Amino acid sequence: EPLLRFRSLAARSRGARGGAGAETQVGNDLGSPEPLRWLLRSPFDRNVPVQLELQELLFDHVFQRLGVSSQGCVDHPIVLTEAVCNPLYSRQMMSELLFECYQVPKVSYGVDSLYSFYHNRRQNWPCSGLVISSGYQCTHILPVLEGRLDAKHCKRINLGGCQAAVYLQRLLQLKYPGHFAAITLSRMEEILHEHSYVAEDYTEELQKWRCPEYYENNVHKMQLPFSNKLLGSTVASEEKQEKRQQQLRRLQELNARRREEKLQLDQERLDRLLYVQELLEDGQMDQFHKALVELNMDSAEELQSYINKLSLSVEQTKQKILQSEVNIEVDVVDSKPETPDLEPLGSEQSLEDVESINEFEPLFAEEQPEVEKPVAAVQPVFNLAEYHQLFLGTERIRAPEIVFQPSLIGEDQAGIAETMQYVLERYSKEQQALLVQNVFLTGGNTMYPGLKARIQKELLEMRPFQSSFQVHLASSPVLDAWYGARAWAVEYTNREEGWITRKDYEEKGGEYLKEHCASNVYVPIRLPKQAPRVAEASAPGRASGTGNSSEQA
């Protein structure tokens, strides 16, 4: 069994401004990837290594965890997987890293899905077949004829488990906007592995989900983490009534204080105006006109009008003060726990309004709640546990369906069925019949329940009437590639087939590949031959007689 398993991810922080160096975490040292999601980096782009600095960090992590001394060199042969039809530049950089940095004695490159294919071969299996490999970032359709990969007709779909998880995250975030932050990519990958399945007939399955009974029997519920504390307070109703009465008394005292202040100001102004009016009655006209100018008034009529208004205002304020005192006395004598509704400051009711409201109270007695029965505690409005649940309905089949219908996420690509039919049409009828006798499914994205039945249905639709085919699923879609590489390394350790030595690297370059049963096809770089330069005539007469200067240039 493999001694070390981790995801090919690395997170490098920039470090503090105080001078602390950058910290790098690789593989299992990351723990949960969600807090570091924005720092995560991978050396791969569509299964092709493009950042060799991160790849070196991953190699250091592997050799350190396995206990391999890498001070001077790594004195062990290396078996490494690569992408289908891997670019020569990528293989060249990988060979340079292994031979120059780690001083490995020899290395072998192979395709992971082909390792899995040969690991699952049985005695009755043919050497030919159609390998469907769906991984984290892409899906490959690989035809194998007579034990070797036919690289000319390999096809790739740029969809895999990563795109399915992102699509599922988008669906659930739109469905539950209140739990946007809790619907993380890690949880979506867990839902894909444990709750999703591939529908044999996608349209018919959607019609089934419309039935309420089918929905209730097949919906899956995911419980999100939540706090058990109640949103509202659990204060007893009696304490709330007491607090409400205290607030009422404070507001009444505040209103009484404001009325007294207003009454005092109005009384002082009224006394001032009455004093000016007495000057007019005493015949002191000079002092009277001088006082009118200070008050910004024009005539005695205007003075009389202001006096009448202030007198009325003072009388009304005195009545309100008396009314508020009566209300306070009634509240003290009354034993009902219910308190009247508060109104904004400055909009107090008169005694007549209060009496008219009391007359109509018996008419609405049935609509008023019974306040005499105290409530023990404030109950929550809803169940918090149910609020933090995700109901997985059609999302269980919509996310895996993107590898068959990429248009669901707006991708202009062909699905697995169309691509498989396109690859089969490149061959003769005899070769097609040979390939479909061994359709092999491998990769982590092929572990959905129902995928094998869906591939069988698609083959049944595209193959001729009464033609036979067989679909096989890898025994361990994730680890079979490692098992196959292990078996190949044990069998070919003492052979030269498939191994690239340091001498081969120095003589033939880093892009060189020795082919074997599970490897890519090596296509060397063919530089175009340069055409021999034609000797130009050196006669000045010929050069000057070939046209104007622009044509010569």
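Data overview
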{"item": "Output for the stretch 479-504, where each listed residue is more than 30 Å from Tyr448 (Cα to Cα), part of a helix (DSSP H, G or I) and either among the polar types (S, T, N, Q) or open to solvent by 30 Å² or more (accessible area, probe 1.4 Å) (or both)", "result": "Val490, Glu491, Arg502, Lys503"}
{"item": "Set Tyr214, Tyr197, Tyr176: member being within 21 Å of Ile397 (Cβ to Cβ), under 17 Å from the mean Cα position of the chain (by Cα) and among the aromatic types (Phe, Trp, Tyr)", "result": "Tyr176"}
{"item": "Scope the stretch 435-463; condition in a helix (DSSP H, G or I) and within 19 Å of Leu479 (Cβ to Cβ); matching residues", "result": "Gly444, Asn445, Thr446, Leu451, Lys452"}
{"item": "Unique match (being modelled with pLDDT of 85 or more and loosely packed, with under 14 Cβ neighbours inside 10 Å) among Leu66, Leu57", "result": "Leu66"}
{"item": "Residue match in the stretch 128-147 (condition: acidic (Asp, Glu), within 22 Å of Leu459 (Cβ to Cβ) and open to solvent by 60 Å² or more (accessible area, probe 1.4 Å))", "result": "yes"}
{"item": "Every residue from the stretch 242-271 that is more than 60 Å from the chain's Cα centre (by Cα) and touching a residue at least 12 places away in the same chain (Cβ under 8 Å)", "result": "Glu260, Lys262, Leu263, Asp266, Gln267, Arg269, Leu270"}
{"item": "Test: Glu34 is in contact with a helix residue (DSSP H, G or I) (Cβ under 9 Å, 6 or more places away or on another chain) and modelled with pLDDT of 90 or more", "result": "no"}
{"item": "Residues of the stretch 89-115 classified as open to solvent by less than 50 Å² (accessible area, probe 1.4 Å) and closer than 20 Å to Lys155 by Cβ, total", "result": "6"}
{"item": "Inter-residue pairs, beta-carbon under 7 Å, first free of Cβ contacts under 8 Å to residues at least 60 places away in the same chain and in the stretch 492-509, second assigned to a loop (DSSP other than H, G, I, E, B) and of a type outside the set (Lys, Arg), 6+ apart", "result": "Glu497/His516; Asp504/Tyr512"}
{"item": "The stretch 68-88 residues that are touching a residue at least 60 places away in the same chain (Cβ under 8 Å), paired with ones that are surrounded by 14 or more Cβ atoms within 10 Å (Cβ to Cβ) and of a type in the set (Lys, Arg) (beta carbon under 6 Å, 6 or more apart)", "result": "Pro77/Lys106"}
{"item": "Glu82 being loosely packed, with under 13 Cβ neighbours inside 10 Å, closer than 18 Å to Tyr512 by Cα and modelled with pLDDT of 90 or more", "result": "no"}
{"item": "Any hit, the stretch 173-184, residues being in contact with an Asp or Glu (Cβ under 6 Å, 6 or more places away or on another chain), within 21 Å of Asn217 (Cα to Cα) and touching a residue at least 12 places away in the same chain (Cβ under 8 Å)", "result": "no"}
{"item": "Filter result for the condition that a residue is in contact with a His (Cβ under 8 Å, 6 or more places away or on another chain) and closer than 29 Å to Gln431 by Cβ, over Asn86, Asn47, Asn120", "result": "Asn120"}
{"item": "Total residues in the stretch 115-140, condition assigned to a loop (DSSP other than H, G, I, E, B), within 24 Å of Gln413 (Cβ to Cβ) and not hydrophobic (A, V, I, L, M, F, W, C)", "result": "3"}
{"item": "Subset of the stretch 464-478 [in a loop (DSSP other than H, G, I, E, B), open to solvent by 30 Å² or more (accessible area, probe 1.4 Å) and at negative phi]", "result": "Pro464, Phe465, Ser467, Ser468, Phe469, Gln470, Ser475, Ser476, Val478"}
{"item": "Residue count for the stretch 164-205, restricted to those that are open to solvent by less than 20 Å² (accessible area, probe 1.4 Å), among the β-branched types (Val, Ile, Thr) and assigned to a helix (DSSP H, G or I)", "result": "1"}
{"item": "Selection count where residues are more than 19 Å from Lys309 (Cα to Cα), surrounded by fewer than 13 Cβ atoms within 10 Å (Cβ to Cβ) and touching a helix residue (DSSP H, G or I) at 6+ places or on another chain (Cβ under 9 Å), scope the stretch 274-285", "result": "2"}
{"item": "Failed condition for Asn28, given (1) out of contact with any Phe, Trp or Tyr (no Cβ under 6 Å at 6 or more places or on another chain); (2) part of a helix (DSSP H, G or I); (3) open to solvent by 40 Å² or more (accessible area, probe 1.4 Å)", "result": "(1)"}
{"item": "Among (1) farther than 20 Å from Gln103 by Cβ; (2) at pLDDT 85 or above, the one test that Ala16 misses", "result": "(2)"}
{"item": "Residues of the stretch 135-175 satisfying the condition of being closer than 17 Å to Gly484 by Cβ and either among the acidic types (Asp, Glu) or touching a Leu at 6+ places or on another chain (Cβ under 8 Å) (or both)", "result": "Leu142, Val144, Leu149"}
{"item": "Members of the stretch 286-311 that are of a type in the set (A, V, I, L, M) and either surrounded by 11 or more Cβ atoms within 10 Å (Cβ to Cβ) or not assigned by the TED database to the domain that holds Ala256 (or both)", "result": "Ala291, Leu292, Leu295, Met297, Ala300, Leu303, Ile307, Leu310"}
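The values are calculated or read from the model by the stated rules, or taken from the named source; none is laboratory data. The structure displayed is predicted, hence computed values, not measured ones. Ideal geometry is used to build each Cβ from the backbone, glycine not excepted, and the neighbour counts take in all protein chains shown. Ligands, DNA and RNA are stripped out before the accessible areas are found, and what is left, the full protein with its side chains, is counted by its heavy atoms. Shrake-Rupley method; radii C 1.70, N 1.55, O 1.52, S 1.80 Å.
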